[in-house]
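Presented below is the structure to which this report refers.
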Amino acid sequence: MYKSRLRSTGICVPKKVVTNQDLEKLMDTSDEWIQQRSGIKERRWIGEGETTLSMAVEASKQAMQNAEVQADDIDAIVFGCLVSDYIFPGTGCLLQRELGFSKTVPALDIRNQCSGFLYGLSVADAWIRAGFYKRVLLVGSEIHSTSLDKSTRGRDISVLFGDGAGAVIVERSDKDDQYILGTAIHSEGQYAEKLTLPKPSSNDLDKYGALIRGEDEARNFYPFMDGKFVFKNAVRRMPEALKEVCDQHSIALENIDCVIPHQANIRINQMILEGLGIPLEKSHHTIHKYGNTTMASIPLTLHDAIQAGKVKEGDTLALIAFGAGFTWGASLVKF
Ligand code: UT7
């Protein structure tokens, strides 16, 4: 059986910075509330010419450059986002078109929201372990800003999310100190409606009618979240998954060098780390500057940690995520 490693990262965030003060002008909120409840100071929103695909391309090119590989060195693409450029085909195929391949490769689109990166990583790792492929490009590219209710009615959600993309190259490893140990992933669909964007839906017989039917229906075109319920489950499930994968690979929590958590709320991450007895310094966060970027949040934060010199080759990393579905997971990586 082969092993795989996380070879490189790349990111792309929109140029436009939206501060909490900017949001105060759009809705009844305050910088103090947002920072206290979530840790967010600013986030990015797309502008003219920036799309799910354009950010994915940019992040991928950076990851390829950092790994010193060309498109044709990549054997497969795994792509994920909440809202894609088209309903179909998936953005993974568009990415294959844009990256300059002279060959065809499989492009898998996944939809696992905030846990998407870990779901994608487990697929890339399994493909490489099984010998199907040697090198996989894994990308999350997310646009929230065009689906948010930016009035006071949507303030509990719209202050939290931001746009951005993160990419990694996962490749075959023959090194004993650089490989992905494993990933645990889970879902619990009974809570699907606790965090959801219900519309547009394939169940609408009259799609355009649903769009113009008025206030009540219009609300379904914005995301809904039962914040406190999601918070409680996130704090419970992420440590559970991390302990599961640590047990599987006989890694003690104190031997983890750095935790890269999904960036939904700094308070969630603080509570988890405290509960696990891992000092906050042994983790990295980008929520203050990017907000919650769903599938992009782990690769964005990992990239930032590498740039900051906080993650070095050979370090044992824990990646943890929780989100809509509910879906959640944890990965252990010797970087
Ligand atoms: O990535 C997917 C996973 N997502 C998450 O893990 C997010 C989980 N949930 C959370 O992070 C938190 O629940 C929130 C940040 C969403 C909310 O924090 P909270 O401490 O649970 O606040 P709350 O929802 O209980 O709201 C407290 C108050 C309410 O006012 P009343 O009813 O006490 O008068 C809200 O109306 O804060 C009000 N509020 C706001 N005030 C100012 C809600 N949103 C805002 C806002 N600005 N943006």
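The values are calculated or read from the model by the stated rules, or taken from the named source; none is laboratory data. This one's a predicted model, so the numbers in the text were calculated from it and none came from an experiment. All Cβ positions, glycine included, derive from the backbone under ideal geometry; neighbour counts span all protein chains shown. Calculation scope for accessible area: heavy atoms of the full protein, side chains included, ligands and nucleic acids excluded. Shrake-Rupley method; radii C 1.70, N 1.55, O 1.52, S 1.80 Å.
Is it the case that the range 124-142 has a residue that's outside any strand (DSSP E or B) and within 16 Å of the ligand (Cβ to nearest atom)?
First pass over the range 124-142, keeping only residues outside any strand (DSSP E or B): 124-134.
If we keep only those that are within 16 Å of the ligand (Cβ to nearest atom) as well, we get none.
No - not one qualifying residue is present in the range 124-142.
Only one residue in 165, 126 is open to solvent by less than 10 Å² (accessible area, probe 1.4 Å) and under 30 Å from residue 101 (Cβ atoms). Which one?
Numbers: 126 fails: open to solvent by less than 10 Å² (accessible area, probe 1.4 Å).
Result of the check over 165, 126: 165.
Name the single residue that is farthest from the chain's Cα centre (by Cα) among those in the range 19-32 being more than 14 Å from residue 287 (Cβ to Cβ) and in contact (Cβ under 8 Å) with a residue 40 or more places away in the chain.
The extreme case among them is 28.
Would you call residue 265 within 10 Å of the ligand (Cβ to nearest atom) and surrounded by fewer than 24 Cβ atoms within 10 Å (Cβ to Cβ)?
Working: within 10 Å of the ligand (Cβ to nearest atom): yes; surrounded by fewer than 24 Cβ atoms within 10 Å (Cβ to Cβ): yes.
It is true that residue 265 is within 10 Å of the ligand (Cβ to nearest atom) and surrounded by fewer than 24 Cβ atoms within 10 Å (Cβ to Cβ).
Checking the condition touching a Pro at 6+ places or on another chain (Cβ under 6 Å) and over 18 Å from residue 287 (Cβ atoms), which residue from 58, 50, 68 passes?
Details: 58 fails: touching a Pro at 6+ places or on another chain (Cβ under 6 Å); 68 fails: touching a Pro at 6+ places or on another chain (Cβ under 6 Å).
On inspection, the qualifying residue turns out to be 50.
Filter the range 33-49 down to the residues that are over 18 Å from the mean Cα position of the chain (by Cα) and of a type in the set (D, E, K, R), then identify the one that is farthest from the ligand (Cβ to nearest atom). Before the answer, list the steps.
The initial filter retains those residues of the range 33-49 that are over 18 Å from the mean Cα position of the chain (by Cα), namely 33-37, 41, 47-49.
Those still in the list that are of a type in the set (D, E, K, R) too: 37, 41, 48.
Working: 37: 4, 41: 14, 48: 27 Å.
Ranking the qualifying residues of the range 33-49, first place goes to 48.
Every residue, every condition in (1) surrounded by fewer than 17 Cβ atoms within 10 Å (Cβ to Cβ); (2) within 14 Å of the ligand (Cβ to nearest atom); (3) not in a loop (DSSP other than H, G, I, E, B), yes or no:
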residue: 177; (1), (2), (3): yes, no, no
residue: 190; (1), (2), (3): yes, no, yes
residue: 204; (1), (2), (3): yes, no, no
residue: 209; (1), (2), (3): yes, no, yes
residue: 221; (1), (2), (3): yes, no, no
residue: 229; (1), (2), (3): yes, yes, yes
residue: 234; (1), (2), (3): no, yes, yes
residue: 238; (1), (2), (3): no, yes, yes
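Taking residue 176 and the conditions (1) more than 24 Å from the chain's Cα centre (by Cα); (2) farther than 30 Å from residue 246 by Cβ, which numbered condition does it fall short on, given that it satisfies the others?
For residue 176, the failing item is (2).
For the range 140-153, does any single residue satisfy the condition of being among the basic types (Lys, Arg), in contact with a Lys or Arg (Cβ under 9 Å, 6 or more places away or on another chain) and open to solvent by 60 Å² or more (accessible area, probe 1.4 Å)?
Checking the range 140-153: at least one residue is among the basic types (Lys, Arg), in contact with a Lys or Arg (Cβ under 9 Å, 6 or more places away or on another chain) and open to solvent by 60 Å² or more (accessible area, probe 1.4 Å).
Can you tell me which residue among 160, 118 is within 16 Å of the ligand (Cβ to nearest atom), among the aliphatic types (A, V, I, L, M), surrounded by 17 or more Cβ atoms within 10 Å (Cβ to Cβ) and closer than 21 Å to residue 183 by Cβ?
Values: 160 fails: closer than 21 Å to residue 183 by Cβ.
Testing whether each residue is within 16 Å of the ligand (Cβ to nearest atom), among the aliphatic types (A, V, I, L, M), surrounded by 17 or more Cβ atoms within 10 Å (Cβ to Cβ) and closer than 21 Å to residue 183 by Cβ leaves just 118.
Would you be able to say whether some residue in the range 101-109 is within 17 Å of residue 10 (Cβ to Cβ) and open to solvent by 60 Å² or more (accessible area, probe 1.4 Å)?
no
Residue-wise test of (1) on the phi > 0 side of the Ramachandran plot; (2) of a type in the set (D, E, K, R).
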| residue | (1), (2) |
| --- | --- |
| 11 | no, no |
| 25 | no, yes |
| 39 | yes, no |
| 61 | no, yes |
| 65 | no, no |
| 95 | no, no |
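Can you tell which of 104, 91 is polar (S, T, N, Q) and either within 16 Å of the ligand (Cβ to nearest atom) or without any contact (Cβ under 8 Å) to a residue 12 or more places away in the chain (or both)? Explain how you work it out, then say what you get.
Details: 91 fails: either within 16 Å of the ligand (Cβ to nearest atom) or without any contact (Cβ under 8 Å) to a residue 12 or more places away in the chain (or both).
From the options 104, 91, the qualifying one is 104.
Show me the strands (runs of 3 or more DSSP E) found entirely inside the range 1-93 where at least 2 residues are surrounded by 18 or more Cβ atoms within 10 Å (Cβ to Cβ). Working first, answer last.
Values: elements: 3-12, 16-19, 42-45, 76-80.
Fully inside the range 1-93 and qualifying: 3-12, 42-45, 76-80.
Could you list, in sequence order, the residues of the range 313-335 that are of a type in the set (D, E, K, R) and out of contact with any Cys (no Cβ under 9 Å at 6 or more places or on another chain)? Outline the logic, then answer.
From the range 313-335, those of a type in the set (D, E, K, R) are 313, 315, 334; that's our starting set.
Once the filter is applied, which keeps residues that are of a type in the set (D, E, K, R) and out of contact with any Cys (no Cβ under 9 Å at 6 or more places or on another chain), the range 313-335 yields 313, 334.
Conditions tested, residue by residue: (1) in a loop (DSSP other than H, G, I, E, B); (2) open to solvent by less than 20 Å² (accessible area, probe 1.4 Å).
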| position | (1), (2) |
| --- | --- |
| 245 | no, yes |
| 250 | yes, no |
| 288 | no, no |
| 322 | no, yes |
| 329 | no, yes |
